[in-house]
Amino acid sequence: MAEAALQVEKRQKNTKSYLKQLRKSGKIPGVYYMHGKDSIPLIVNEKELRKLLTSNISVFTLNFGKGGRKSCVIREVQRDPVKGNILHVDLMGVKATEKIVVKVPIHLVGTPEGVKTEGGILEHHLREVEVECLPKEIPDSIEVDVSSLKIGDSILVKDIEPGNVEIVTDKEHLLATVVPPAVMPEVTPAEEVEVEEELKEPEVIGEKERDQQEKTAEK
């Protein structure tokens, strides 16, 4: 498991205007908490947080400057439902001797047989699972070999071999499957003619023809 650190500042205010100004300046409000201790409001650099989120690192060091260093995990990230911007982050302190539950990304490995030889499509349904383990045992990711899958074959969470960690996610959840290729419906010549007829513009009757039709109708 790789190691990383995140520099933070203690936050003194919690008004909407202050939090809005924080986000405009490239900072994210957050909170650090640990069982049995008071929570600590924080200010986090957005760029550093985004870098940490894309690194697949689970446990990292929270650097409070003069306030010390603490091991923690990202417990929750709140985002704007429309723009996707990070609005708030919850950081949970951990102890080396206590098991915790964290989310670990799933990486599919290999090209399914059903894709290579039958033109099937691999669908990745579940991209992360929750596991329970000691902080030092948290894997950066769990690899799942899908190379043997044929069309119609699937892999469930219960099929994963996670090593020293225990998977908490429902074992019956679908993780990946290979489905048949999408087939476009064939159009017969007769159907093509019908479509062309429907697309033709209606015949426009001239004034002379219209007058003639009206006189015939009067007779």
* To do: DSSP loop (so not H, G, I, E, B), at most 13 other Cβ within 10 Å: list which trypsin sites (Lys or Arg not before Pro) in segment 68-140 pass both filters.
  => K83, K95, R127
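Considering only DSSP states other than H, G, I, E and B, which GluC sites (Glu not before Pro) in segment 1-77 qualify as loop sites with at most 11 other Cβ atoms within 10 Å?
Details: sites: E3, E9, E46, E48, E76; in loops: E3.
Sparse-neighbourhood loop GluC sites (Glu not before Pro): E3.
What number, in percent, do you get for the relative contact order of segment 5-94 if the mean sequence gap of Cα pairs under 8 Å and at least 6 apart is divided by its residue count?
On the way: 157 pairs, mean separation 29.0, N = 90.
It rounds to 32 percent for segment 5-94.
For segment 102-179, what is the relative contact order in percent, using Cα pairs closer than 8 Å and at least 6 residues apart in sequence?
42 percent
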* Pairwise label distance in nanometres, K37 with L87, each label 7 Å out on the Cα-Cβ vector -> 2.8 nm
* Translational diffusion coefficient, Stokes-Einstein: compute it for segment 1-158 using the Kirkwood radius over C-alpha pairs as Rh, at 25 °C and 0.890 mPa s, and state it as an integer in µm² s⁻¹. => 137 µm²/s
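Using the Cα gyration tensor of segment 102-179, with a ≥ b ≥ c the square roots of its eigenvalues, what is the shape: rounded (a/c below 1.5), prolate (a/b larger than b/c) or oblate (neither)? Mind dumping the intermediate values first?
Values: a/c = 2.93, a/b = 2.23, b/c = 1.31.
Prolate.
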* Hey, what do the phi angles of segment 86-92 turn into as Karplus ³J(HN,Hα) couplings, whole Hz, using 6.51/-1.76/1.60 and θ = phi - 60°, x for Gly and Pro? -> 6, 9, 6, 9, 9, 10, 10
* Would you grab the residues whose amide H sits under 5 Å from the one on H88? Only those 5+ places off in sequence or on another chain, please, with H modelled 1.01 Å from N. => Q78
* Listed here are the pairs K27/K99; K37/K70; K27/K51; K99/K158; K24/K70; which of them are more than 24 Å apart at the Cα? -> K27/K99; K24/K70
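Every number here is computed from the coordinates shown, using simple stated rules; none is lab data. Model, not experiment: these values are computed from the prediction. Cβ atoms come from the backbone with ideal geometry, glycine included; neighbour counts cover every protein chain shown.
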